[in-house]
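Q: Please see the structure below; I have some questions.
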Amino acid sequence: MFYKLIKSKRDQWLSQSDCPVLNLVKYIEYKGKMRDAQIDAIKTYLFLKIACENKPLAELIKLGRFNSFTDSDIDNLPMSTENRLVLKSNPAAVALYEFASSTDDQGNVVAPQLEEAIRLTPQKIDFDAVIDRTFYGVSYPDYVFSLPMGAGKTYLMAAFIYLDLYFAQQEPDNKAFAHNFMVFAPSGLKTSVVPSLRTIRDFDPSWIIPEPAASKLKRELKFEMLDENKSANKSNRTKNPNVQKIAIHEPLSELFGLVAVTNAEKVILDRIDKDIQQPNLYSKEELAKIEVANELRDKIGKIPNLSILIDEVHHVASSNNNDESKLRSVVNKWTNNNTITTVLGFSGTPYLDKEEKINITASKSFKTSEMSNIVDYYPLANGIGNFLKVPEVFQSNSHDRAEIVEKGVRKFFELYKDTVYNNGTCAKLGIYCGTIETLENVIYPLVSKICTELGLNPDDAILKFHEGNKKYAEPNNARSEFAALDKPFSKKRIVLLVQIGKEGWDCKRLTGIILSQ
């Protein structure tokens, strides 16, 4: 919502000859390893961390940190003299008016109801309260970076981690910079997202930090995958094996450079809504599971100077579940321990399932469909022809799923049946199937028939990739085959998908996609 105002102030800061990160930004640009979308986000990140002292967005906006209106600009606003005086005396009012009266990419006023209320009756508005409601009432820095698919959000996470550690080493007592990091992935995408997050380990910090500091930091990082689903049967110290993975780094008060990757909903949020104060409501097994879940949350809450990075953050912000409130509940509890440095979200689609209403006064409100805490936004259109390929789109007038899929598969083989890329890998086609039943009963038999017609063995050419259900088991070796799609030995040509691969799927040989829903 405020990202345009933030960017304007950021650029002013970076243009100053005494900007403290000027040489670092020049170094990153000189190395030429990061994409322009990533560099833009890094600039915003450094601005918020250093110039804005890592303060919560609500606090910065109340202080007028991103305001550009001068007294002269306010004098020219279409409102009464009395109402102009309200704005001149209240930077929070100016901030909301600048936001509300700005225009989107289509030239529409962003929040006309809010703009009108400020213009006509600013005396009736508690501006600080409106800002608090807009930014979820949190008291910690909570920033969302919106980059489109293919922009490299995982490498951007790695860049943020190394930048924090770089400055933390120089200023170890500066609470703006994290010493340790927890990377969360949404459970519905665990199979595709969590493995890709491991690429953080492969990131070359010399792309953003000069040597020898870059190599020294890389040696200091400690990676842990908190991916155990069951509690340990025998343990003198803990009942949760994920807790043990953190405990081996004790004493936590001295911990520096831990990067833990886990699953937000399944590992952290599971059973957060259970009230263990009433043990008679649960069985012994359920009480044990609650205790295990609480144990991990408590241990994470003790990790000092912790930055939380949430991949595909729009999943926990969706209005069709309460995982956002659960996650905020957990983070709010951790902040009571003064251990949280920053909460960072990453998404290519930072939109809510339905519009959120924010009250201005008792009788007036405005609505937004965007996550309010976006601090950096890179449009998808800017990536096409840049770091994204210009797609060739084939359309169908049919409403029959099978007909669309058959036409698409035949077109793919017509164009790419014999395509082999430089490293020996063959072209792949992905098909989103919607449900496991549709994949097994409709799409697979159809694609199998086409492959047979073209002289391809369906068992070799087709990968069925889903997590199974009561009727259909998870296909054998599907996970290893999926992970190997970019390898020269992979002979899979068609990948049939259900609820996997939509996000966080780094498949460089994916040549086409069929969308038949």
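The values are calculated or read from the model by the stated rules, or taken from the named source; none is laboratory data. Not measured: the values here are computed from a predicted model. Neighbour counts run over all protein chains shown; Cβ positions are idealised from the backbone, glycine included. Ligands, DNA and RNA are excluded from the accessible area calculation, which covers all protein heavy atoms including side chains. Shrake-Rupley method; radii C 1.70, N 1.55, O 1.52, S 1.80 Å.
Q: How large is the direction-averaged shadow of the alpha-carbon convex hull of the stretch 387-431, in nm²?
A: Numbers: hull surface 16.8 nm².
Directional mean of the projected Cα hull area for the stretch 387-431 stands at 4.2 nm².
Q: Just how large is the dipole of the chain about the Cα centre, in debye to the nearest 20, putting +1 at every Lys and Arg Cβ and -1 at every Asp and Glu Cβ? Numbers along the way, then the final one.
A: Details: 66 positive and 67 negative charges, 222 e Å.
In total the dipole reaches around 1060 debye.
Q: Can you pull out the chymotrypsin sites (Phe, Trp or Tyr not before Pro) in the stretch 452-517 that DSSP calls coil and that have at most 12 other Cβ atoms within 10 Å?
A: On the way: sites: 465, 472, 482, 489, 505; in loops: 472, 489, 505.
Here the sparse-neighbourhood loop sites are 489.
Q: Note down the magnitude of the dipole of the stretch 394-435 about its Cα centre, charges +1 on Lys and Arg C-beta and -1 on Asp and Glu C-beta and zero elsewhere, to the nearest 20 debye. Display every interim value, and only then the final one.
A: Values: 6 positive and 5 negative charges, 17 e Å.
Using Cβ point charges on Lys, Arg, Asp and Glu, the stretch 394-435 gives about 80 debye.
Q: Taking the Cα atoms of the stretch 1-155 alone, what are Rg (to one decimal) and Dmax (as a whole number) in Å?
A: Final numbers for Rg and Dmax: 17.4, 54 Å.
Q: Report, in deg cm²/dmol and to the nearest 500, the calculated mean residue ellipticity at 222 nm for the chain, where each DSSP H run with n ≥ 4 adds -39500 (n - 2.57) and the sum is divided by the residue count.
A: Details: 20 runs with 191 residues, N = 517.
Computed ellipticity for the chain at 222 nm equals -10500 deg cm²/dmol.
Q: May I ask what percent, to the nearest 5, of DSSP beta bridges between residues of the chain are antiparallel? Numbers along the way, then the final one.
A: On the way: 7 of 50 bridges.
Antiparallel bridges make up about 15 percent of those DSSP assigns within the chain.
Q: Per residue, how much accessible area does the chain show when a 1.4 Å probe rolls over the protein heavy atoms, in square angstrom? It would help to have the intermediate numbers written out before the result.
A: On the way: 24770 Å² over 517 residues.
On a per-residue basis, 48 Å².
Q: Now, a different point. With a ≥ b ≥ c taken as the square roots of the eigenvalues of the C-alpha gyration tensor of the stretch 1-40, please select rounded if a/c is under 1.5 and otherwise prolate if a/b is larger than b/c or oblate if it is not?
A: Judged from the Cα gyration tensor, the stretch 1-40 comes out oblate (a/c at least 1.5, b/c at or above a/b).
Q: Could you tell me which of 86, 32, 13 has its Cα farthest along the dipole of the stretch 1-87 towards the positive end, charges placed at Cβ (Lys, Arg +1; Asp, Glu -1), taken about the Cα centre?
A: Sorting the options by dipole projection puts first 32.
Q: Give the cross-link partners of residue 491 among the aspartates and glutamates, using a straight C-alpha distance below 15 Å as the criterion and excluding same-chain residues fewer than 8 apart.
A: Leaving aside aspartates and glutamates fewer than 8 places away in the same chain, those within reach of residue 491 are 418, 459, 460, 481.
Q: Something else now. Carbon and sulfur together cover what percent of the accessible area of the chain at a 1.4 Å probe radius?
A: On the way: 11690 of 24770 Å².
Roughly 47 percent, rounded to a whole number.
Q: Peptides 422-432, 52-62: what's the order by average Cβ count within 10 Å, highest mean first?
A: Working: 422-432: 17.4, 52-62: 21.5.
Result, highest mean first: 52-62, 422-432.
Q: Taking the dipole about the Cα centre of the chain, with the C-beta of Lys and Arg at +1 and of Asp and Glu at -1, give me whichever of 181, 331, 136 is farthest to the positive side.
A: About the Cα centre, the residue reaching furthest to the positive side is 181.
Q: Next up: Antiparallel versus total DSSP beta bridges in the stretch 306-456: what percent is that, nearest 5? Spell out each step's value before the answer.
A: On the way: 6 of 13 bridges.
If we restrict to bridges inside the stretch 306-456, about 45 percent are antiparallel.
Q: Further, regarding this structure: Using 0.36 nm per residue of separation minus the Cα-Cα distance, give me the extension gain between residue 402 and residue 76 in nm, one decimal.
A: Details: separation 326, 0.36 × 326 = 117.36 nm, distance 6.09 nm.
Fully extending the segment from residue 402 to residue 76 adds 111.3 nm.
Q: Also: With respect to the cross-link table entries 31/492; 9/88; 26/357, which display a Cα-Cα separation exceeding 31 Å? It would help to have the intermediate numbers written out before the result.
A: Working: 31/492 36 Å; 9/88 19 Å; 26/357 42 Å.
Over 31 Å Cα-Cα: 31/492; 26/357.
Q: Checking the a/c ratio against 1.5 first, then a/b against b/c, what shape does the Cα gyration tensor give for the stretch 380-462? Let's see the in-between values first.
A: Details: a/c = 1.94, a/b = 1.26, b/c = 1.54.
The shape class here is oblate.
Q: Once a ≥ b ≥ c are taken as the square roots of the eigenvalues of the Cα gyration tensor of the stretch 104-153, is the result rounded (a/c under 1.5), prolate (a/b larger than b/c) or oblate (a/b not larger than b/c)? Please report the intermediate quantities before stating the final value.
A: Numbers: a/c = 5.90, a/b = 1.48, b/c = 3.99.
Since a/c reaches 1.5 but b/c is at least a/b, the shape of the stretch 104-153 is classed as oblate.
Q: Ratio of Rg to Rh for the chain, alpha carbon only, Kirkwood? Don't jump to the answer; show the numbers that get you there.
A: Details: Rg = 25.3 Å, Rh = 25.5 Å.
Here Rg/Rh amounts to 0.99.
Q: Cα centroid distance between the stretch 3-75 and the stretch 443-517, in Å?
A: After rounding, the separation between the Cα centres reads 43 Å.
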